[in-house]
1. How do the strands (runs of 3 or more DSSP E) wholly within segment B:53-112 filter down when requiring 3 or more residues that are free of Cβ contacts under 8 Å to residues at least 24 places away in the same chain: which remain?
2. On the given criteria, is A:ASP297 surrounded by fewer than 22 Cβ atoms within 10 Å (Cβ to Cβ) and outside any loop (DSSP other than H, G, I, E, B)?
3. Is it the case that B:THR84 is away from chain A (no Cβ under 14 Å), touching a strand residue (DSSP E or B) at 6+ places or on another chain (Cβ under 8 Å) and within 20 Å of B:ASN111 (Cα to Cα)?
4. How many of the residues in segment A:84-102 are more than 19 Å from A:GLY40 (Cα to Cα) and within 14 Å of another protein chain (Cβ to nearest Cβ)?
5. Within segment B:1-45, how many residues turn out to be assigned to a loop (DSSP other than H, G, I, E, B) and of a type in the set (A, V, I, L, M, F, W, C)?
6. Only one of these is free of Cβ contacts under 8 Å to residues at least 24 places away in the same chain, of a type in the set (D, E, K, R) and within 24 Å of A:GLN282 (Cα to Cα): A:ARG137, A:ARG132, A:ARG108. Name it.
7. Within segment A:114-126, how many residues are in a loop (DSSP other than H, G, I, E, B) and either open to solvent by 30 Å² or more (accessible area, probe 1.4 Å) or within 14 Å of chain B (Cβ to nearest Cβ) (or both)?
8. Only one of (1) out of contact with any Pro (no Cβ under 8 Å at 6 or more places or on another chain); (2) hydrophobic (A, V, I, L, M, F, W, C); (3) more than 14 Å from chain B (Cβ to nearest Cβ) fails for A:LEU177. Which number is that?
Amino acid sequence: MIEIVNAASLVTVQDLGRYGALNLGVGVSGAMDPMSLAAGNILLGNEENAAGIEIPVFPFSVKFRTAVNFTITGADAPANLDGFALLPWWLHRAEAGQTLTLTLPQSRRWRASRAYLCVQGGIDVPMVLGSRSTQLRGAFGGFEGRPLRTGDCLPVKPSLTLNAAFGLVPPALALPLICDGVPAVRVLPAAEYQDYTSEAQNALWTCAWKITPQSDRYGYRLAGDPLWPTHPLELRSHGIVPGVIQVPHGGQPIIQMRDAQPSGGYPKIGTVIEADLWRLGQAPIGSSVRFVRCTWDEALDAAADNTQWLYHARRLVALQTMRERAA
Amino acid sequence: MNVNDIMLLSTHLAATDIDRLELRGPGFSLALVRHGSMIVQEPIDEENEDITVTADGPGEFLREHPLHQGISVEPGEAFLAGATLGFLRVGSLLRAVTAPAAGTMIQLLANDQQPVGFGDPLFKIEPLESAMTGSNGAV
């Protein structure tokens with residue numbers, strides 16, 4: 001059991017997402033940075049889709065009532081276990097009674113905003129519609145379908161002793177994507193792209209879009225050059241996915257994120273590729289992001305890069321674990 | 001060990017490619033060092049118990065964790081046994097180079113981001129016990 005000692009808002013149990021239910025009007029949810037969640041699970045020998053805790057606001061404290069092995073991935077939120085500093089992206093063990101505290105991320109090497117706490121065996125909440133992610137709008141999944149509060153006790157399985165520890169270098173450092181010094185994501189032009197003026201199209205690719213404070217798991221509201229269509233556009237509601245960049249009447253784009261509604265009627269100027277959603281998921285409020293135009297094939301290659309990174313991480317961790325057992 | 005034994009040992013040593021032989025026993029210590037083609041007896045520096053921390057496998061040696069900046073153990077700094085002194089990276093896997101004993105960092109023997117192999121020297125540290133033991137053996 002893990003007891004929440006101090007949680008601000010918006011801390012949720014997430015796995016990699018709830019797929020196959022969009023046609024029921026159920027959004028994807030899942031970790032905003034699925035690469036970090038998967039990496040934390042890989043270090044522990046879990047399946048990549050094991051549920052963890054997503055922490056977007058700090059400080060955050062939990063008390064371990066059961067001895068477990070755990071990792072903290074995502075943003076480098078300086079962590080300590082009963083006062084002892086812990087390395088990020090590393091295997092650790094907590095004995096029953098120990099308290100883990102995460103504080104505000106401050107790394108200058110990687111500006112990131114969300115940390116992930118994974119435990120060996122995953123957070124043992126029930127699966128709903130095939131996933132343990134929290135569906136906030138529908139109030140189901142995860143832990144009672146809601147953000148975690150002080151006093152909540154999350155079920156976990158006890159872990160065997162940890163023989164040795166090692167860590168991973170975050171993919172943000174191995175797979176950098178920067179455009180003119182600004183973190184970037186790759187974008188495919190969307191269905192209504194040609195209904196925008198050439199100034200708007202140009203602005204999409206050249207503006208450093210600022211992520212305003214009105215941004216969260218539902219969507220990121222961006223500030224930058226206004227994007228005007230060539231003629232007024234009125235669309236019926238249609239299915240959308242995380243990554244879709246909608247442009248409401250004010251001309252300021254909104255990127256739909258993991259808790260977005262599965263349908264919407266605003267015109268779509270572009271779509272952030274699925275392989276780069278984790279970069280957006282870590283972009284802090286107030287930071288800027290650039291959109292880099294890519295082709296369908298380049299988007300597939302990007303997805304392959306992510307799969308490769310996870311494959312090699314899993315392979316290296318397995319080799320190291322075997323080596324530790326043999327020693 | 002008498003003089004004849006030492007001479008016999010020196011003769012045998014001269015026929016090998018060994019550069020330094022240190023022999024310790026109850027109440028005696030002996031060091032035979034090669035200088036060119038000659039073997040010379042040298043006194044052993046009993047006070048120099050510095051430990052060389054070596055790499056336990058191949059990898060890229062890192063002084064700091066990739067996410068951290070400016071957090072590394074500098075010469076003159078003290079640490080506990082098991083403390084992380086640096087890292088070895090292979091692909092995306094990171095392993096820690098840990099202190100075999102509590103002590104003080106004396107010298108870095110490898111550069112940041114230098115590729116190293118098994119046994120390559122990384123740090124020279126002065127263990128706490130030898131620091132606490134004076135030249136007359138008193139603690």
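1. By residue number, B:93-98.
2. yes
3. Judged against the criteria, B:THR84 is not a match.
4. Residues meeting the conditions: 1.
5. 4
6. Result of the check over A:ARG137, A:ARG132, A:ARG108: A:ARG108.
7. 4
8. If we test A:LEU177 against (1) out of contact with any Pro (no Cβ under 8 Å at 6 or more places or on another chain); (2) hydrophobic (A, V, I, L, M, F, W, C); (3) more than 14 Å from chain B (Cβ to nearest Cβ), just (1) comes out false.
The values are calculated or read from the model by the stated rules, or taken from the named source; none is laboratory data. Just so it is clear, the model here is predicted, and its values are computed rather than measured. Because the Cβ atoms are built from the backbone with ideal geometry, glycine has one as well, and the counts that use them run over all protein chains shown. Note: areas computed on protein heavy atoms with side chains; ligands, DNA, RNA excluded. Shrake-Rupley method; radii C 1.70, N 1.55, O 1.52, S 1.80 Å.
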